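> A single structure is presented below for examination.
The values are calculated or read from the model by the stated rules, or taken from the named source; none is laboratory data. Model, not experiment: these values are computed from the prediction. Positions of Cβ are generated from backbone atoms using ideal geometry, with glycine treated the same way; all protein chains shown enter the neighbour counts. Surface accessibility is based on the protein's heavy atoms, side chains included, excluding ligands, DNA and RNA. Shrake-Rupley method; radii C 1.70, N 1.55, O 1.52, S 1.80 Å.
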Amino acid sequence: MQIRNSKTENPVNGRWAKGRWVRQENDVSSRVNSEDFSTDLDKGLFTSGLSIPFRLEWGVYASLVLVALAMRLYDLGGRAVHHDESLHGYFAYQMFVGGGYDHNPLMHGMFLFHSIATSFFLFGDSEFSMRLPMALFGAGLVLVPLILKPRIGQFGSLACAILLAFSPSLIYYSRFARNDIFMAVFTLALVGVMWRYIDERKSRWLYFAAAIIALGFTTKETQYIVIAVLGAYLLTQVWSELKEWIYARRSLAEFSPTASFFVLLTVLSLPLLAASVAIFQNTLGITLAAEDGVPGIATGSPNGVGWSVALAISVIFLAVSLALGWYWKRTVFLAAFTVFAFIFVMIFSNFGSYPAGVGSGSWQSLGYWIAQQDVARGNQPWYYYFMLGSVYEFLPFVIAGSAIVYYGLKSGFRPLINIALIILGFTLLANDNLSFQNGLVKGEERDVLTYVGLLSLLVVYGSFIALPFALKVSRFNRFLIFWVIGTFIAYIHAGEKMPWLLVNLVIPVIVLAGSTLNEIVSSIKWREAWRNYAGLCLIGVPVSYLLIWKLVFNDLASSANQFLTTWMIFASLGFLLLGFQVISQRIGRSQSLRIIGLVSILLLFGFTFRAGWIANYEHGDVPQEMLVYTQTSPDLHNLAKEIERTAALTGDRTAIKIAIDTKDAYQWPWQWYLRRYTEVIYSDHSSDKAVVGDDRLIVVVNEHNNAESISKLPDGFSEGRRLVHRWWFPERYRDLKPGEFFGTLINRNRWKGSVDYFIYRELSNPLGSIDSYVYFSDEIAFASVR
C-alpha cells in the first residue's frame, strides 16, 4: 500500500490513467465555472488517501469477477423453474426454433427474450442456458463501478464491487431468468456515464448514455422510474438555467453539462412518455390504456377513438423531442437519437420482422403498467422492501443509513426541519382512525387514505426528497442520497411490490455505501493506528457485540446465578470500553470510531455471505426465504426428469402421450419442461368436457380436480402420487398499519420471532402450497424407472 496526500494532489489538473490521476496542466480546469466542481474536488472526492498499485488493483477485480461468476454459475440449472422463468424460457425457445414471439408488456421488454434465445442458439436449450445471460450480466455488474471511480475513489469503487459480488439478492436474481439484473447493470452504467459527462464534457458519454437508455427501455418498464429519479435530481440542479431559457436569456446550446444531460434524458424519453396521458383517460372519457380484463382489448392499449388520440399525442411528443434536440446540440443530438432509435427499433421489432412491436413498445409498455397500478400485484405492504432489506441487504443498508444520519448530525439546524416534518407525518399516519378509512379499489375492500392521511403522506415524501439538499455534503453525495430516497419512494408508492424489485433498490444503496467506505478508509492513519494497538479492535468489537446480545435477548435477572452473570457482562463491557477509550486517546476519537465501524462492517459481511449462501444454494427453490416468491417446487423439477427417463424407457421419447390439467395456470412451468414433447394435451379438468384419452401414459392433475378426474381416468393407471406444485412464504406480516408497524419495532417481546428467522430461518407458520397428483399408466415398467 502507498499513502498519498489527497489534499495536495488535486486532480483538477490531470487525467485518470493506470488507476490514478496523472497531473496535466489545462486539462479540465476550464470546465469548473458554473458546475462548481472545485468544491467537490478540493474535498478529495475524486481521490483516496489510500492507493493500491495498478496491477494489484486489477488483480483484485479479476479475482472478484471470477468469484462472482463461479457463485452465479454453480448448479445454475439445478433449481426448479419458476412460473415466470417458464414463460420467459418457453417464448424465447419459440424464437429460437423459429416459432416467433412478439412484444407483450406483461413480460416486459424484448431484450430478455433475444438474450435467452441467443444463449439457446450458442449452448442449446436448458435451464442452465436459460439463466446464463443473467449470470453473465450479474458477474459483469462487478466491474461497472469502475465508471464511477473518479467520483467514489479507488477504494470506493472496489468496495462497491465487493458488495455487488456478494449481495444475496443480486446473486439470487443473477441466477433467475428475469429482467432485473439487466436493469441493475444499465441503471448503474447510466449513472456512471452521467457523471463522467458532467465531469469531462466529452460527447462520447452522451452516446453511451443514449445506448444505455434504449437498452433500459427495451428491457423493463422500471426504466421509467430510473429516468424519473435521475431527471428529478438534474432538474433541481439546472432549474435556474431552465428559467433563463424559458425567458429567452440563454439558448439550449449554452447549457452546462448538467443541463445538457437533462436535455438528453428529456428528448430521448419524451416520445415514450406519451402514454402517461392515459392517467387522465377517465376525465377525458376515452380509452387510452385499457384496464386489465376488458374483453377484446389488450391491457394498456387504446380503444375506439383512443387510437386516434394516442397517435396524435405520440406525434406531438415526438415533434417536441426533435425540436428540443435540434436547437440544443444538433450534431450530438442526431447521433445520440440515431443510436437510441436504432437499438429501440431493432429490439422491439424483432430486428425488422415485427414492425408493430415498435408501436406497442412505445405506447403499451407504459400504458400496461398504468392500467396495472391499482391492481397492486403481490399485494405487499408499504414496508415490504425494508423487511427484505433487513433480511438480505442489511450490510449496505446499515452503511448507507449510518452515513445519512452522520451527515444529518454534522449539518446543523437545517435538516431538523425536515426530520420534524417527517416525524409529524408518520405520527399522523400512525393514527389509523385519522389517516385511514375503508374503501373500494377495483371492487375490493381495502384501507384507503383519508385527506389527512394523503396530506401526511405528501409531507413525508416531500420532506424526505428535500432532505439531501438540507445536508452539508458534497454535490455527489447529495446526489447519492437523493438517488436512494427517490428510488425508495418510487417503489414504495408503486402498486406492484415483488422481491425481485429489491435489485433496483439495492444498487443506489450500495453505491452510497461504497462512497462512504472510501471516505472512512481514506481518512484513517493506518500506520499510527496499528502502532497504537488499534488492531485489538478485531477482538474487542466482536466480543462487545456478543455481550450486548446476551444482555438484550436473555432474561438475566431471574436468579442469583444469572444476576452474577449480568454483573460480569457489565464488568466486561466496562473493561472493553476502557480499552477503546485508551485507543481513542492515542489516535483520536474519530479515528477509533471509524476503525470500530470497519470491524463492525466485517462482521456484517460474514452474516451477508451466510445469508447469500443459504438463500442461493440451500433454499434456492424453497420458500423459507422471502426472496423465493410463489416458487415451483422441486417435486415438479424431479418429475420432469422422471418423465424424461420414462419416455426413454418406453421408446416413445418426445412422442410420449401426456395430459396436463391447466386449472390455476398449471400449464406453467410444464410448457417449458415439456417444450420438446409433441403429444402433450393441455386442458382444464374442471370442465365436464375434459376427458383423458385411453392412449395417455402420464396424467398430471390439479389437486382441486383430483376427485373428479379419478373417475375420468382410463383403466390401468396406478394410484396417484401427490406433489407440491407451487409453494410460498407464509406472509403473516401483511396488513400492518403504520402504528402497528412502528409498535412492533419497539416491542422487545416481538423480536424473538424475527431474530429466529434472521439467524436460523425458523418459521412460526407452515409454508403455503397448492398441489397436484401425477398418475402413470401400468404399461410402464416402474422398476426400471425408479
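> Looking for something open to solvent by less than 70 Å² (accessible area, probe 1.4 Å) and part of a loop (DSSP other than H, G, I, E, B) - is there at least one such residue anywhere in the range 528-543?
Scanning the range 528-543 turns up at least one residue that is open to solvent by less than 70 Å² (accessible area, probe 1.4 Å) and part of a loop (DSSP other than H, G, I, E, B).
> If Val506 satisfies all but one of (1) open to solvent by less than 30 Å² (accessible area, probe 1.4 Å); (2) over 30 Å from Tyr384 (Cβ atoms); (3) under 31 Å from the mean Cα position of the chain (by Cα), what's the number of the condition it fails?
That leaves (2) as the condition not met.
> Quick test of your reading of the structure: Ile213 fulfils all but one of (1) closer than 22 Å to Leu366 by Cβ; (2) out of contact with any Leu (no Cβ under 6 Å at 6 or more places or on another chain); (3) of a type outside the set (Gly, Ala, Ser); (4) open to solvent by less than 10 Å² (accessible area, probe 1.4 Å). Name the failing condition by number.
(2)
> Please verify whether Ser251 is modelled with pLDDT under 95, under 22 Å from Ala356 (Cβ atoms) and either surrounded by fewer than 22 Cβ atoms within 10 Å (Cβ to Cβ) or polar (S, T, N, Q) (or both), treating the condition exactly as stated. Please lay out each step first, then the result.
Working: modelled with pLDDT under 95: yes; under 22 Å from Ala356 (Cβ atoms): no; either surrounded by fewer than 22 Cβ atoms within 10 Å (Cβ to Cβ) or polar (S, T, N, Q) (or both): yes.
Against the criterion (modelled with pLDDT under 95, under 22 Å from Ala356 (Cβ atoms) and either surrounded by fewer than 22 Cβ atoms within 10 Å (Cβ to Cβ) or polar (S, T, N, Q) (or both)), Ser251 does not qualify.
> Considering the range 96-116 alone, what residues qualify as being crowded, with 22+ Cβ neighbours inside 10 Å and either more than 26 Å from the chain's Cα centre (by Cα) or within 16 Å of Arg675 (Cβ to Cβ) (or both)?
Hits for the range 96-116 are Phe113, Ile116.
> Just one of the numbered conditions (1) in contact with a helix residue (DSSP H, G or I) (Cβ under 7 Å, 6 or more places away or on another chain); (2) outside any helix (DSSP H, G or I) is not true of Pro295; which one?
(1)
> If I filter the range 325-348 for residues that are within 20 Å of Thr283 (Cβ to Cβ), at pLDDT 95 or above and more than 31 Å from the chain's Cα centre (by Cα), do I get at least one hit? Outline the logic, then answer.
Of the residues in the range 325-348, the ones within 20 Å of Thr283 (Cβ to Cβ) are none.
No; the residues of the range 325-348 include none that is within 20 Å of Thr283 (Cβ to Cβ), at pLDDT 95 or above and more than 31 Å from the chain's Cα centre (by Cα).
> Right, next: Can Ile596 be described as surrounded by fewer than 20 Cβ atoms within 10 Å (Cβ to Cβ), at pLDDT 95 or above and among the aliphatic types (A, V, I, L, M)?
no
> Applying the selection to the range 670-692, what residues are part of a loop (DSSP other than H, G, I, E, B) and open to solvent by less than 30 Å² (accessible area, probe 1.4 Å)?
Those that are part of a loop (DSSP other than H, G, I, E, B) and open to solvent by less than 30 Å² (accessible area, probe 1.4 Å): Leu674, His685, Ala690, Val692.
> Report yes if Thr287 is over 21 Å from Pro508 (Cβ atoms), free of Cβ contacts under 8 Å to residues at least 40 places away in the same chain, more than 22 Å from the chain's Cα centre (by Cα) and surrounded by 21 or more Cβ atoms within 10 Å (Cβ to Cβ), otherwise no.
For Thr287, the condition - over 21 Å from Pro508 (Cβ atoms), free of Cβ contacts under 8 Å to residues at least 40 places away in the same chain, more than 22 Å from the chain's Cα centre (by Cα) and surrounded by 21 or more Cβ atoms within 10 Å (Cβ to Cβ) - is met.
> Among the residues of the range 638-669, count how many are in a helix (DSSP H, G or I) and touching a residue at least 60 places away in the same chain (Cβ under 8 Å). Show your work before the answer.
Just the residues of the range 638-669 that are in a helix (DSSP H, G or I), to begin with: 638-650, 653-655, 663-665, 667-669.
From what is left, the residues that are touching a residue at least 60 places away in the same chain (Cβ under 8 Å) are 639, 642, 645-646, 649-650, 664-665, 668-669.
Residues that pass the stated criteria total 10.
> Do any helices (runs of 4 or more DSSP H) entirely within the range 323-409 hold 3 or more residues that are out of contact with any helix residue (DSSP H, G or I) (no Cβ under 6 Å at 6 or more places or on another chain) and among the hydroxyl-bearing types (Ser, Thr, Tyr), and if so, which?
394-409
> Still on this structure, please answer the following. Of the residues Gly78, Gly44, Gly19, which is surrounded by 14 or more Cβ atoms within 10 Å (Cβ to Cβ), at pLDDT below 95 and closer than 30 Å to Pro499 by Cβ?
Gly78
> Got a number for residues in the range 328-378 being free of Cβ contacts under 8 Å to residues at least 60 places away in the same chain, open to solvent by 60 Å² or more (accessible area, probe 1.4 Å) and of a type in the set (S, T, N, Q)?
Of the residues in the range 328-378, 2 are free of Cβ contacts under 8 Å to residues at least 60 places away in the same chain, open to solvent by 60 Å² or more (accessible area, probe 1.4 Å) and of a type in the set (S, T, N, Q).
> Could you check the range 185-210 and list, in sequence order, the residues that are surrounded by fewer than 21 Cβ atoms within 10 Å (Cβ to Cβ) and among the hydroxyl-bearing types (Ser, Thr, Tyr)?
Within the range 185-210, Ser203, Tyr207 qualify.
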